[in-house]
Each structure stands twice: as C-alpha cells, then as structure tokens.
Amino acid sequence: MIAINNDDKISMLKATLPVAEILIIKRDVDLMMKLFNLPAEIRSLFGINFLPYAALVCYEAINYMDKKGQHVEVEQTSKYSIREIRNKAKFFDLRFNQIMQSAFNIDALQHNDFAQQMRYPELANWNIHDNLGIFFDNDKNIIGNTQYSVWVFQDESTIKKPLSDMDGFEVQNKEAYTLGFDLGRIANSISKGLSSVKDFLLSDVNLKNMTIYANDFNTNRCWVDGIKKYKVIRLLLLHILSSIGFILNIVKKCIVRDSGLLLRLEYIIYHSTLKRLRQLNQYVLTHKHEITDEKIHIFLSAINFDADSLRNTSFGNCMRHYGLTDEDTNALIHTEQINLALPLCGLVESHFNKSYSEYKSEIEKELFVVYDHLNDYMGFNDLLSIDDDMLAR
C-alpha cells in the first residue's frame, strides 16, 4: 500500500472540491427539472409554493458561476425579481415586528380584495366573505395557503411598513407564470451546460397523482380575549405550518431518491422555523400583559428552539449558497470524508459525524415533531372538511 502524506491529501482535496461543487449544483438542478413535470392538477399550487426554492437554486448557481469567472447572461421577462423571490426561501427574513406587520398587511390586502368582489361591498364589515384559502391533503396535512402565496410576490421593503404607508400590489398571474418560465429556462440552460459532467448518482421522482383539497375562511372572525394580535400570530403560525407541510407532504413524497436538494430545502425550513418560533416565544414572554392565552405558552414550551446538534453556521451557509469553502478559502469537507459518490459529497459526514441518510432522517423527524405540535395547537383537524366539492383546482 502506498502511503499518502498530508501535503498530498491537501492537494487532492483542493483538486476535488471544485468537482464536488459542480456535481452538487448539477444534481440540484437536474432533480428540480424533474419536479417541474408534475401532473397538471397540482402543478399550479406546487409551482407557487416551490418558486422561492427554485429561485434560490437558480440565483445561487448563477452567482457561483460568476465568482468562478463564468458569467451567465439572464434575460428575465417577468417583472418579479429572481433575487427578491429567492429571499423568500429564508422564510420571512425580516425583524420579528416587521414579520408581524407583513402578515397583517397581506391579510388586509386580501380582505379588501375579496370584499370588493362581493355583490354588495358595503357589507364587508359583516365578514360574510372569504379572504383565506387553506390547502391540505387526504390526511388533512396543511400544505399551503393563499395568503402565503400572495406574500411570495410582495416587495419586502414595502410590505413591512405600517399599513397606512404600505404599498402592496396584487399578484398578476401572467407575471407569476412568466417568472416560472424564466426559472425553468435558466434551470434548463444550467442543466444543458453541465450535461458533459457525467454522474453515476441520479435522483428519481414519482409524480403520482395527489389529491389536494381547499377550504376557505374569513380571518376577521379570529379573535381571542386577552390577545390583541391573536389573528396575526395565528396567521404567522399558519405560514410556518404551510411551509413545513409543503416540504414534508408534497416535495418529499414526490422524491423517490434524493441527490441532495431535498435535504437542502429541509434544512432551510428547519433552521428558519426554529428561528421564527424563538422570536415568537421572546415576543410572547415580553408581552405577557397582552397575551394571556395559556395554550400559546404550552405550545411554545414544547419546542426546542436551540436544537443545535443538527445545525451549524458553516453547514447552513452551504445549504443557502453553493460552494464548499469558507470566506478564508478553507475547505468545509474533511480530507477523509470527501466522496463524490455521496449526496453533498461528504459535507454532512464532515460536520455531523453521521451518514447522509441518518442526518436527513433526524432532520425530518424534528420537522415532523414541530409540525405536529404546531398542528395540534392550531386545531385544523377540527376545522377542515373533505369532500369532492373541496378539491383544489
């Protein structure tokens, strides 16, 4: 056996890292392209909820190539900024008071929009109209809602302002579809550009028909004595629930064999969820005089906001961006762990001393725990009804 000295190992690692980076991008884009071929009956709902993640993959792939000196020309035809939509993958990446204000503003926009569609708009204050749709599957797992979909297309710099100063805009379906077309075109271009990179590890999907239902509600009937902002808190928790449910009960079920992308999305949702719930907990604790509902305290006390055994900063940066070195160009995969045959090429093994599948299972387990606690608190199983008239179209 030929002994390899440390300098040789370092040289081999430096030579292998760029290959690993390209492989990871190729695998993510190729899997994403397969997901774009969903059945027509759920394509629209899936597309809107998946847009921030598709934008993140495309934006970060282009940004990586630019840094490597391979400039990619992007001729965007939609008015919606890919960079702005990509930021939504971080899930309300604002200060907590701004998150609350954004949720409140979107609810107000939807209230006014649906009230104006009433035959007698002057009856809007009676709250006999609907301003929120909730999407769910056969098991009543929440997988999306219409107000979150509206928020995806809002400009964060304006939607976070006080309602009197806020300049929200109506989502234009044509522009939304055009953005999807832009992202598809970019992903296809990246996939073709990397087609010469041969990879034995391939993802697989099963795009079987999924039955999705929808129930409509009026959020202005949501009020609890002792909680001035109960409706906004409940809307924020619905958005968190929808995001987790979409990844676990739609995206995960579509992917038969993951090549890295699913874990990337699960990590982003996991980290963002704990961050937002920690902020909510701090808000609740500092507003005890306003929030006297014991159920909120019980729910939040069941969540481990500081569950850091599955998170660290360097790994998190690799999940939100492409590249396997830190700011000082230090490799983020250990010499002994790099393996191009693994999803993420040994990144998980280097940071958590677990196999990719073990780590992914633990992330999913924690997400299911948070989802179940949140779903129990929200009580949607008692609110949602399933019948053929409720099928989402």
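The values are calculated or read from the model by the stated rules, or taken from the named source; none is laboratory data. Just so it is clear, the structure is predicted and the values come from calculations on it, not from any experiment. With ideal geometry, Cβ positions are generated from the backbone for all residues, glycine too; neighbour counts draw on all protein chains shown.
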Going through (1) within 30 Å of Leu274 (Cβ to Cβ); (2) surrounded by 15 or more Cβ atoms within 10 Å (Cβ to Cβ); (3) at pLDDT below 75; (4) not basic (Lys, Arg) one by one, Ala124 fails only at (1)
Here is a list of conditions, (1) among the hydrophobic types (A, V, I, L, M, F, W, C); (2) more than 20 Å from Leu56 (Cβ to Cβ); (3) part of a helix (DSSP H, G or I), and Cys345 meets all of them except one; can you say which number that is?
(2)
Which one of these is touching a Gly at 6+ places or on another chain (Cβ under 9 Å), within 19 Å of Leu23 (Cβ to Cβ) and either in contact (Cβ under 8 Å) with a residue 60 or more places away in the chain or of a type outside the set (D, E, K, R) (or both): Ser195, Ser191, Ser203?
Ser203
Out of all the residues in region 189-196, is one or more touching an Asp or Glu at 6+ places or on another chain (Cβ under 6 Å) and part of a loop (DSSP other than H, G, I, E, B)?
no
Candidate set from region 364-393 (those that are of a type in the set (A, V, I, L, M, F, W, C) and in a helix (DSSP H, G or I)); member that is modelled with the lowest pLDDT
Met390
Subset of region 263-294 [in a helix (DSSP H, G or I) and either hydroxyl-bearing (Ser, Thr, Tyr) or touching a Pro at 6+ places or on another chain (Cβ under 9 Å) (or both)]
Leu263, Tyr267, Tyr270, Ser272, Thr273, Tyr283, Thr286
Assigned to a helix (DSSP H, G or I), under 22 Å from the mean Cα position of the chain (by Cα) and not β-branched (Val, Ile, Thr) - does that describe any residue in region 222-234?
yes
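Could you say which residue among Ile250, Ile244 is at pLDDT below 95 and either over 15 Å from the mean Cα position of the chain (by Cα) or on the phi < 0 side of the Ramachandran plot (or both)?
Selected residue: Ile250, the only one of Ile250, Ile244 that is at pLDDT below 95 and either over 15 Å from the mean Cα position of the chain (by Cα) or on the phi < 0 side of the Ramachandran plot (or both).
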Glu266, sole failed condition from (1) more than 20 Å from Leu51 (Cβ to Cβ); (2) at pLDDT 90 or above; (3) of a type in the set (Asp, Glu):
(1)
Taking the conditions exactly as written (within 30 Å of Lys68 (Cβ to Cβ) and over 20 Å from the mean Cα position of the chain (by Cα)), does Asn381 satisfy them or not?
no
Please count how many residues of region 352-372 are within 18 Å of Ile143 (Cβ to Cβ) and buried (at least 17 other Cβ atoms within 10 Å of the Cβ).
4
Could you grab the pairs with beta carbons closer than 8 Å, sequence gap of 6+ or different chains, first residue in region 362-374 and in contact (Cβ under 8 Å) with a residue 40 or more places away in the chain and more than 12 Å from Leu241 (Cα to Cα), second one basic (Lys, Arg) and assigned to a helix (DSSP H, G or I)?
Glu364/Lys252
Flag if Leu179 is out of contact with any His (no Cβ under 8 Å at 6 or more places or on another chain) and either surrounded by fewer than 20 Cβ atoms within 10 Å (Cβ to Cβ) or of a type in the set (Gly, Ala, Ser) (or both)
no
Given the conditions (1) within 17 Å of the chain's Cα centre (by Cα); (2) in a strand (DSSP E or B); (3) farther than 16 Å from Gly47 by Cα, report the number of the one that Phe135 does not fulfil.
(3)
Helices (runs of 4 or more DSSP H) within region 4-88 that include 2 or more residues surrounded by fewer than 17 Cβ atoms within 10 Å (Cβ to Cβ):
6-35, 40-67
Pull out all pairs, ordered by first then second residue, where Cβ-Cβ is under 6 Å, the residues are six or more apart or on different chains, the first lies in region 213-235 and is of a type in the set (Phe, Trp, Tyr) and at pLDDT below 90, and the second is in a strand (DSSP E or B) and crowded, with 18+ Cβ neighbours inside 10 Å.
Phe217/Leu132
Determine whether region 297-312 contains at least one residue that is assigned to a helix (DSSP H, G or I) and either within 23 Å of Ile143 (Cβ to Cβ) or hydroxyl-bearing (Ser, Thr, Tyr) (or both).
yes
Hey, could you check region 186-217 for residues that are under 23 Å from the mean Cα position of the chain (by Cα) and small (Gly, Ala, Ser) and say which is nearest to Met32 (Cα to Cα)?
Ala187
